[in-house]
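Right, one structure below, let's go through it.
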Amino acid sequence: MREKLLDEDAWAVIAFQKVLRDEHPALVSGGRRIPCVSIPRGWQPRYKKLIEDVEAALGEWAPVFRISQTKVTEGGLAVAVTFDSAVPREVVHQVDRLIAQAEEDVSRICEMCGEEGREWDIRNWPRWLCVTHAFAKCHEGAGSRPEA
Ligand SMILES: [Zn+2]
């Protein structure tokens, strides 16, 4: 698979990881390791709101709760959490609902610009894009093959 890493979008992902670690150290860092948080630029505001909502829902339980992994899969945004067994069931359910809503919301947001979007099949891989960026992605590299 051709990857174009460390273009400006990649730097935006890295910068966003730092913002999350700085602003929500208990939830996203856990002190021991940095979880995979690769959120495309267009989804970052919605993901940040999710983290804020989750932290608010957890209240006193935030220290024993972690966003353990977040990644973009073929199915879209996937957020995994780990938590201490002492966390009350209703709190866990509330957090689950917040995560499910965020995962659903970003499926209608362009991952590149944050405008309204939908899922597209770009070279047999799902992408969530507005019409403008879907068009750009479809034609990206179509007429030029610098590596050839
Ligand atoms: Zn877009």
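The values are calculated or read from the model by the stated rules, or taken from the named source; none is laboratory data. The model shown is predicted, which means the values in this text are computed figures rather than measured ones. Note: ideal-geometry Cβ built from the backbone for every residue, glycine included; neighbour counts use all protein chains shown.
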Lys48: at pLDDT below 95, within 15 Å of His24 (Cβ to Cβ), surrounded by 13 or more Cβ atoms within 10 Å (Cβ to Cβ) and not aromatic (Phe, Trp, Tyr), yes or no? yes
Which count do you get for residues in the range 1-37 that are modelled with pLDDT of 65 or more, among the small types (Gly, Ala, Ser) and surrounded by 14 or more Cβ atoms within 10 Å (Cβ to Cβ)? 3
Expected output for the range 116-138 (first residue closer than 16 Å to Leu77 by Cα, partner near the ligand (Cβ under 8 Å from one of its atoms) and part of a strand (DSSP E or B), Cβ below 9 Å, 6+ apart or cross-chain) is Gly117/Leu129; Arg118/Leu129; Glu119/Leu129; Trp120/Leu129
Exactly one of Phe65, Phe135, Phe83 is within 16 Å of the ligand (Cβ to nearest atom) and among the aromatic types (Phe, Trp, Tyr), and that residue is Phe135
Filter result (within 12 Å of the ligand (Cβ to nearest atom) and among the hydroxyl-bearing types (Ser, Thr, Tyr)) within the range 97-132: Thr132
